[in-house]
Structure formats: structure tokens, C-alpha cells
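> Before anything else, here's the structure in question.
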Amino acid sequence: MNNYNSESKKAAEFIDHEEIMDTLKYAEANKADLETIRKILARAADCKGLSYREAALLLECEDREIHSEIFKLAKQIKERFYGNRIVMFAPLYLSNYCINGCKYCPYHGQNKHINRKKLTQEQIRSEVIALQDMGHKRLALEAGEHPLINPIEYILESIETIYSIKHKNGAIRRVNVNIAATTVENYKKLKDAGIGTYILFQETYNKNAYEDLHPSGPKGDYAYHTEAMDRAMEAGIDDVGCGVLFGLNLYKYDFVGILMHAKHLEDTFGCGPHTISVPRVRPADDVDPETFDNGVPDEVFKRIIAILRITVPYTGIIMSTRETEAMRGEAVKLGVSQISGGSRTSVGGYVEEEKVEDNSSQFDVSDRRTLGEVVDWLIDLGHVPSFCTACYREGRTGDRFMSLVKSGQIANICQPNALMTLKEYLEDYASEETRLKGLTLIEERLETIPNAKVKTLVKGHLKDMENGKRDFRF
């Protein structure tokens, strides 16, 4: 029986198994209907998004010409909403102590040979200074779920420590948080601590597969985990980030599931997810590679990214260093708007890069370039690496941010802020070669700012930065 209700607060109703299966059957039955598919793409060009059923049909279509049209449209929509900006961030792992039994994660409580670590506040300070010295301004905090070793008080103290550190010209201006599902009360504490986005990956939306993958620990409660974003938004955190771990379950199912989740948040709270992350399963310690035979091929993965951009055009799409340089290069053209750079997935890995025998990483990193190398590469590709945190600090979050994005007005804010934060990076952290290339790019992109007054102000701020001033924003 189909109990689907996008505005329900019950996970089993806003992520309804029968509705997903019906959607997949519809997509399979109609995948050769190119006339209908082209009508969907024509309507998608108005940048108002698509339904999850329409998105499933696009993903199921096997026509290569349609694939090319999808990629072309995704690129156009990405440039319309986000221009050529790519927001930079880095993860910061606080602790790998965990009581869950997740089969795909080396932090699982039954792993007896992983090197368990938890950073002290002084160690966090050292890690943050190392990140600031790279040029980072935005972090994503990561910690295993352990109520005794990693209580909410530890997370809150760590956030306070991070925001307090000013080293040379460095400062972390936005701390996003990726920790386990928790209570409304704890989400209120995170909100009061000044976090940016609350991030939580669903891993898979298939309830049976989810419960099999999480045989022990609190994360095994499918409903409590799936309903976490509702509790976070009820607590006042209006920027939330969703994600699935592609390869754990059949990708078509989870593709529909995450779009249903986005619709639920939009219909219930008037604001969809601020970001959607698209990680794929990577090798990790004490994880049996034969457990997962649902790997997503590169060509399919690119279509997933492009169709996400078409379906939820207002949402930031995040790709981490799990992916290779080549895949990330393709992805930023097709819809990805945020990437990490110089990442370490081990606890304490920024001060001292982990040795193989230390064995505390969460997963293998494919793109091992430094932040400076990633910035240089993006500039060569014609993208503007952005270290902007202005919207969060100016209160442009939740539905206020989404209304600006959907109306297209956000570009008038983001482009100037991206150029100014890139200039900061070039002045303080870049090699001379990157600096010169970046300055040329800034001069070129300045001319694309439509508002003459804003353009004049930006030029003045850029000049001020050469005289040592920092942190200008619109």
C-alpha cells in the first residue's frame, strides 16, 4: 500500500518504499519515450526544477543524444545560479571513537585494530592553524557517534575553540557540522553555537538495506535518523545538507529517495536542502569490499550529478576528495558547486600527515593535491575558487537564501564576494604563479558584475586588500 505523503513527519511516509518502486517502474516503462523526455528537458530550462519522477525518467533514459542534452542543460543551469564559482572547504575530524556497527565505515565499534584518537582543544587549535595557513575559511566538523567520549558538549567546545582562533590573516568563518542524528534540544545548542550547515548523510533510503548495513548502535534506528533534518529545522537550523553514499544500495533507488527528501523539506518547511553531497563508496580499513557490489560507473555518476542540478537547481552540490582529479574536473562543469581541497580524513592529519601504520582514516582519498594545487587547477579551468562565507554571516540562510537563489539575485552577491575572497587567498597564501593567474581572472570577472556601483565598491576593496585590509563582504 502506498502511504506517500511529502508533508508527513514520519519517515515511512515522506520516503515511501512503494512510491519509490512505482517511480522506478514508471521510469523503466517510459525510458524510450524521447518526445516526453525532451519536453521535460525543455521545461527544466526555466530553472524551476523537476519532480523526482521526471528526474528518474531522465536517469533511466539510455539515449546518448539525450545524455548530451542533459549535460548541456546542467552546465547552463549551474552557470546561471552559481556562475563559475566553486566554494572551497575542508573536513576536520575531531574523533573516530564510535559505538555504531556500520558495515561500510572503519570507525565501527567492532573494529579492534583501528587507532582510536580524539583531539584535545589544544590539538584542535593546532589543526585549525594548519588549515588557516593553507588558506581555508570554511570547515566541516566530523566525529564518530559516542555519547560518552564525543558528547554534544565536546562538539560545542570545539566549535567555540575553532571560531576563537585568529592566526596571521587566517580565520575560520564558517563551521559546518556533520555529526550523528540528535535531539531538538541539541540542535538548538548547535544553532546557538553559530554553526553554518548541519550535514547528515542518509547513506541509503532503502529501509531494509539501511537496517542491514547498521546492525548495531543508535544509527540503526532508520526513522530517527531519517527524521533528523526535521528536528534540526524545528530547532532553527535552516541550512541542512543531505547526502547518500552511492554504492551501498542500488543507486536508482537512492537517487529517487534523496529527491523525495528534498521535496519533503521544501513542502514542510518551505526550504529544501542547502546542499546535497554525492560521495561514492571508497575502500576503508576493516570494510569487506565484496559487501558492496552496487558500484556506480563514472558515466552514470556524471548523469546523476547533472540531473540533480537540473532537478534541484537551487541546491549546492558537494564533491569531496573521495573522487579523482579527472572526475572532479568533469563534475564542476556539470553541477558541483563545492569541493574540498587538501583534505585529510584522519584525526589530527593536518598537523602531521597520517602514516599507513597509524590507521585512523575514515576512507581512502583519491585527490591528494594540496589546496594550493586545487586552486591553481580551478583557475586554469576558468573557475573562481571562492572562500566566501558572507551569506551565513549576513543572515542569508534558509528560505531567505533560497528566495535569492531561485530569483537569480544571488549572483549579484556571490560573484563580488567570490572575487574578494579569492583576492585574500592570492595575497596571503598563493604561489606567485597562481597569484598572477588569479589576478588576471579577477580582472576578467570584474567586468561581469552588472551593477556599476557594486563593481566600483569591489574594485576599492580589492585595492584595500593590497594595503593589508581583509574580510570585505556584501
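The values are calculated or read from the model by the stated rules, or taken from the named source; none is laboratory data. Since we're looking at a predicted model, the values are computed, not measured. Counting neighbours? That spans all protein chains shown, and the Cβs are built from the backbone with ideal geometry, glycine included.
> Pairs under 8 Å by beta carbon, first residue hydroxyl-bearing (Ser, Thr, Tyr) in segment 206-228, partner exposed (fewer than 15 other Cβ atoms within 10 Å of the Cβ) and not in a loop (DSSP other than H, G, I, E, B), six or more apart or different chains?
Tyr222/Glu211
> What are the residues in segment 112-171 that are among the acidic types (Asp, Glu) and farther than 23 Å from Asn100 by Cβ, if any? Steps first, answer last, please.
Filtering segment 112-171 down to residues among the acidic types (Asp, Glu) leaves 122, 127, 133, 142, 145, 153, 157, 160.
Answer for segment 112-171, where residues must be among the acidic types (Asp, Glu) and farther than 23 Å from Asn100 by Cβ: Glu122, Glu127, Asp133, Glu160.
> Continuing with this model, one more query. I'd like the full set of residues that are touching a residue at least 12 places away in the same chain (Cβ under 8 Å) and not in a loop (DSSP other than H, G, I, E, B), limited to segment 10-20. Before you say what the answer is, go through the steps one by one.
At the first step, the residues of segment 10-20 found to be touching a residue at least 12 places away in the same chain (Cβ under 8 Å) are 10-12, 14-20.
Within segment 10-20, Ala11, Ala12, Phe14, His17, Glu18, Glu19, Ile20 qualify.
> A further question on this structure: Would you tally the residues in segment 135-146 being more than 18 Å from the chain's Cα centre (by Cα) and either surrounded by 22 or more Cβ atoms within 10 Å (Cβ to Cβ) or at pLDDT below 95 (or both)? Quick ask: steps written out before the conclusion?
We begin by selecting, within segment 135-146, every residue more than 18 Å from the chain's Cα centre (by Cα); these are 135, 144-146.
Still in the list and also either surrounded by 22 or more Cβ atoms within 10 Å (Cβ to Cβ) or at pLDDT below 95 (or both): 135, 144.
So the answer is 2.
> While we're looking at this one, here's another question. Report yes if some residue within segment 233-240 is within 22 Å of Leu50 (Cα to Cα), surrounded by 20 or more Cβ atoms within 10 Å (Cβ to Cβ), modelled with pLDDT of 95 or more and not aliphatic (A, V, I, L, M); otherwise report no.
Our first condition is that a residue be within 22 Å of Leu50 (Cα to Cα); within segment 233-240, this holds for 239-240.
Next, from what is left, pick out any that are surrounded by 20 or more Cβ atoms within 10 Å (Cβ to Cβ): 239-240.
Pick out the ones that are also modelled with pLDDT of 95 or more and you get 239-240.
Going one step further and asking which of them are not aliphatic (A, V, I, L, M), we end up with 239.
Looking through segment 233-240, at least one residue is within 22 Å of Leu50 (Cα to Cα), surrounded by 20 or more Cβ atoms within 10 Å (Cβ to Cβ), modelled with pLDDT of 95 or more and not aliphatic (A, V, I, L, M).
> What number of residues in segment 61-115 are under 27 Å from Cys391 (Cα atoms), in a loop (DSSP other than H, G, I, E, B) and of a type in the set (S, T, N, Q)? Please lay out each step first, then the result.
Within segment 61-115, the subset under 27 Å from Cys391 (Cα atoms) is 73-94.
Subset that is in a loop (DSSP other than H, G, I, E, B): 83-84.
Pick out the ones that are also of a type in the set (S, T, N, Q) and you get 84.
Here the count works out to 1.
> If the requirement is being hydrophobic (A, V, I, L, M, F, W, C), assigned to a helix (DSSP H, G or I) and not assigned by TED's automatic domain parsing to the domain that holds Ile172, which of these qualifies: Leu378, Leu419? So that I can check it myself, show each step before the final result.
Numbers: Leu378 fails: not assigned by TED's automatic domain parsing to the domain that holds Ile172.
Being hydrophobic (A, V, I, L, M, F, W, C), assigned to a helix (DSSP H, G or I) and not assigned by TED's automatic domain parsing to the domain that holds Ile172 holds for just one of Leu378, Leu419, which is Leu419.
This table checks each residue for (1) of a type in the set (Phe, Trp, Tyr); (2) buried (at least 23 other Cβ atoms within 10 Å of the Cβ); (3) at pLDDT 90 or above.
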residue: Lys263; (1), (2), (3): no, no, yes
residue: Asp293; (1), (2), (3): no, no, no
residue: Phe301; (1), (2), (3): yes, no, yes
residue: Glu323; (1), (2), (3): no, yes, yes
residue: Arg328; (1), (2), (3): no, yes, yes
residue: Val347; (1), (2), (3): no, yes, yes
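> If you don't mind, there's one more thing I want to ask. Does Val405 satisfy the criteria of being in a helix (DSSP H, G or I) and at pLDDT 90 or above? Spell out how you get there, then give the answer.
Numbers: in a helix (DSSP H, G or I): yes; at pLDDT 90 or above: no.
The answer is no for Val405.
> Keeping to segment 417-471, report how many residues are of a type in the set (S, T, N, Q) and free of Cβ contacts under 8 Å to residues at least 24 places away in the same chain. Write out each step before concluding.
So in segment 417-471, the residues of a type in the set (S, T, N, Q) come out as 417, 421, 431, 434, 440, 448, 451, 456, 467.
If we keep only those that are free of Cβ contacts under 8 Å to residues at least 24 places away in the same chain as well, we get 440, 456, 467.
Here the count works out to 3.
> Select from segment 4-52 the residues that are farther than 16 Å from Ile305 by Cα and in contact with a Ser or Thr (Cβ under 8 Å, 6 or more places away or on another chain) and write down the one among them that is surrounded by the most Cβ atoms within 10 Å (Cβ to Cβ).
Ile15
> Restrict the check to segment 179-195 and report whether at least one residue is farther than 30 Å from Gly272 by Cα and surrounded by fewer than 17 Cβ atoms within 10 Å (Cβ to Cβ).
Step one: filter segment 179-195 for residues farther than 30 Å from Gly272 by Cα, giving none.
No - not one qualifying residue is present in segment 179-195.
> Among Val384, Val405, which is the only one that is in contact (Cβ under 8 Å) with a residue 40 or more places away in the chain and farther than 15 Å from Gly316 by Cα?
Working: Val405 fails: farther than 15 Å from Gly316 by Cα.
Of Val384, Val405, the one residue that is in contact (Cβ under 8 Å) with a residue 40 or more places away in the chain and farther than 15 Å from Gly316 by Cα is Val384.
> Going by what's in this entry, would Asn176 be described as under 30 Å from Phe255 (Cβ atoms) and either surrounded by fewer than 18 Cβ atoms within 10 Å (Cβ to Cβ) or modelled with pLDDT of 95 or more (or both)? Let's see the steps before the verdict.
Details: under 30 Å from Phe255 (Cβ atoms): yes; either surrounded by fewer than 18 Cβ atoms within 10 Å (Cβ to Cβ) or modelled with pLDDT of 95 or more (or both): yes.
Here the answer is yes, as Asn176 does meet what is asked.
> Out of all the residues in segment 355-388, which are under 19 Å from Glu142 (Cβ atoms) and either at pLDDT 95 or above or not charged (D, E, K, R) (or both)?
To start, the set of residues in segment 355-388 that are under 19 Å from Glu142 (Cβ atoms) comprises 358-368, 371.
Within segment 355-388, Asn359, Ser360, Ser361, Gln362, Phe363, Val365, Ser366, Leu371 qualify.
> Answer yes or no as to whether Ala90 is assigned by TED's automatic domain parsing to the domain that holds Arg125 and of a type in the set (Gly, Ala, Ser). Show your work before the answer.
On the way: assigned by TED's automatic domain parsing to the domain that holds Arg125: yes; of a type in the set (Gly, Ala, Ser): yes.
It is true that Ala90 is assigned by TED's automatic domain parsing to the domain that holds Arg125 and of a type in the set (Gly, Ala, Ser).
> Now for a different question. When only residues in segment 323-348 that are in a loop (DSSP other than H, G, I, E, B) and of a type in the set (Ser, Thr, Tyr) count, which is farthest from Tyr107 (Cα to Cα)?
Restricting attention to segment 323-348, the residues satisfying the condition of being in a loop (DSSP other than H, G, I, E, B) are 323-324, 335-337, 341-348.
Narrowing further to those that are of a type in the set (Ser, Thr, Tyr): 324, 337, 343, 345-346.
Numbers: Thr324: 23, Ser337: 29, Ser343: 18, Thr345: 12, Ser346: 11 Å.
Among residues in segment 323-348 that are in a loop (DSSP other than H, G, I, E, B) and of a type in the set (Ser, Thr, Tyr), the one farthest from Tyr107 (Cα to Cα) is Ser337.
> Among the residues of segment 222-254, which ones are part of a strand (DSSP E or B) and of a type in the set (Phe, Trp, Tyr)?
Taking segment 222-254 and keeping what is part of a strand (DSSP E or B), we get 240-244, 246.
Answer for segment 222-254, where residues must be part of a strand (DSSP E or B) and of a type in the set (Phe, Trp, Tyr): just Phe246.
> Within segment 210-224, can you find the residues that are under 23 Å from Ser8 (Cβ atoms) and surrounded by 18 or more Cβ atoms within 10 Å (Cβ to Cβ)?
Listed by number, the residues that qualify are Tyr210, His214, Lys219, Tyr222.
> State whether the residues of segment 208-223 include one that is under 27 Å from Lys406 (Cβ atoms) and either modelled with pLDDT under 95 or aliphatic (A, V, I, L, M) (or both). Outline the logic, then answer.
First pass over segment 208-223, keeping only residues under 27 Å from Lys406 (Cβ atoms): none.
For segment 208-223, residues under 27 Å from Lys406 (Cβ atoms) and either modelled with pLDDT under 95 or aliphatic (A, V, I, L, M) (or both): absent.
> Using the structure shown, decide if Tyr4 is aromatic (Phe, Trp, Tyr) and outside any loop (DSSP other than H, G, I, E, B).
On the way: aromatic (Phe, Trp, Tyr): yes; outside any loop (DSSP other than H, G, I, E, B): no.
In short, no.
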